[in-house]
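Since the structure comes first, as structure tokens, the remarks are kept for the end.
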Amino acid sequence: MSIKNITVLGSGIMGHGIAQVSAMADYKVVLRDIEQKFLDKAMEKIRWSLQKLAEKNKITVEEVDIFYNNITPLVDLQTAIHEADLIIEAVPEDFNLKKKVYQELNSLAEKNIIFASNTSTLPITELSSLTDRPDKFIGVHFFNPPQLMKLVEVIPGTRTDAKVTQEVTNYINKINKRPVVCNKDVSGFIVNRVFIPLVHEALFSMERDHVSKEVIDSAVKFKLEFPMGIFELADYTGLDVIHKASYEMNLRDKSVLLPHPKIKEKYDNQNLGQKSGSGFYEYKGDNYERIDLTMEKASEYDPYSIIGVAANNASWLIENQVCSIEDLNVALRLGMGLKMDIFDIFKKIGPSHVIGKLLELESKYGSFYHPNQYLYSIK
Ligand code: 3HC
């Protein structure tokens, strides 16, 4: 079979973006949410985004309407999945909520429909066992914003049929994204295993080294060549997403990150970042906005612990054969917007400084900072 009709469940930041990029590759898409007002907001954002792409000549003015009309927003679940070949679930990152969604889908969806989850951190094999079709279940992890980010991690569970992995990989290629297959269903997959711990580490660095978030973010942007500062990226991604991802990752694997309490505090206070007008920084509205970071501020700080944690988790992925170095580099360049390969940044900053910093942190704060063997082989 080949995929023609797609239903996206959840019209939030990820869901509406996935619907849009699928519609832009001429798929017929149904976007489903539990209330009409969420769908109205999502369709407004899709129109804004398509117009933005037309302004930049990435699509034509005529295509704005064509692509927009490829999407049908619907509330009724049964009708929404009626013609689907592939259902992409992009509801909030909460295991119990996803469980409820899959229970409902089991009773409504025809047996041949593939289920894909856009989960960023929940184990695919565990989610697949909530369904009546673990062989037709797969992870497709898009990045924020799906309209601009090229990467999609494809994560087969232990029971996923190889034909389904192929079929879904073809779909990802067709929507003009770059699939990277994550060979093992590990906590955080590839990119989040590197990215999420950095938000916690940036908070620890701020406290331990008595520097401001603007200085850390400037150093990350200008010295580590990240496209955004870590706090800026966290606000952009959403502190609800960061908190839930951190919680789920930490629940299953204590070695991935060292949780900083500020993330949960921000989440509890609904300081969710750009979407709520305030996170680590303050924002004027919920539209795209950048923080003013400078080279001058960058010169005040050496982010050794931040690159140390990133390179160390990247080393873990290589040592454990989750992906090849080539795929790791593609994933981090396209999924986090890194301008250089992670181990090249590590080399540029200085392996002896960075490993020295990790060892110092290990002696003070424990085994989370223990450098993986692979790091020592990078010269
Ligand atoms: N559709 C169309 N256009 C959009 C858009 C959208 N949805 N969102 C933003 N834009 C536009 C902006 O309005 C802006 O337009 P302008 O030029 O007219 O002002 C333009 O795109 C971006 O302009 P910038 O000069 O700010 O562009 P950059 O070169 O910095 O690129 C970026 C923007 C691609 C977002 C880049 O900053 C980047 O790569 N950031 C990192 C993002 C990232 O790492 N995301 C992953 C987060 S982790 C994740 O998602 C995983 C999850 O599981 C947690």
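The values are calculated or read from the model by the stated rules, or taken from the named source; none is laboratory data. It should be emphasised that the depicted structure is a prediction, and the values quoted were computed from it without experimental measurement. Cβ placement follows ideal geometry from the backbone for every residue including glycine, while neighbour counts extend to all protein chains displayed. Just the protein is used for accessible areas: all its heavy atoms, side chains included, with ligands, DNA and RNA removed. Shrake-Rupley method; radii C 1.70, N 1.55, O 1.52, S 1.80 Å.
Remarks
- For the peptides 245-256, 17-28, residues were scored by their other Cβ atoms within 10 Å and the scores averaged per peptide; the highest-first order is 17-28, 245-256.
- Taking 0.36 nm per residue of separation and subtracting the Cα-Cα distance, full extension of the segment from LYS100 to LYS348 would add 84.5 nm.
- Distance from the alpha carbon centroid of the range 91-146 to that of the range 7-77 works out to 21 angstrom.
- Protein accessible area in the chain, 1.4 Å probe - carbon and sulfur %: 52
- Taking the average, over residues, of other Cβ atoms within 10 Å as the packing measure, peptides 109-117, 277-285 rank 109-117, 277-285 from highest down.
- Extension gain, GLU83-TYR365: 0.36 nm per intervening residue step, less the Cα-Cα distance, totals 96.1 nm.
- Distant-in-sequence amide contacts of LEU151, defined by a placed amide H-H separation under 5 Å and a gap of 5 or more residues or a different chain, comprise ARG178.
- Local electrostatic count at ASP327 - Lys and Arg +1, Asp and Glu -1, tallied over other residues with Cβ under 15 Å: +2
- The simple spin-label model puts a point 7 Å past each Cα toward its Cβ; for GLU35 and ASP292 those points are separated by 3.7 nm.
- Total formal charge among the other residues, if their Cβ is under 9 angstrom from that of TYR27, Lys/Arg +1 and Asp/Glu -1: +2
- Protein-only accessible surface order, largest first, of ASP40, ASP217 at 1.4 Å: ASP40, ASP217
- Taking amide H as placed 1.01 Å from N in the peptide plane, the amide H of GLY157 sits under 5 Å from that of GLY139, each at least 5 places away or on another chain.
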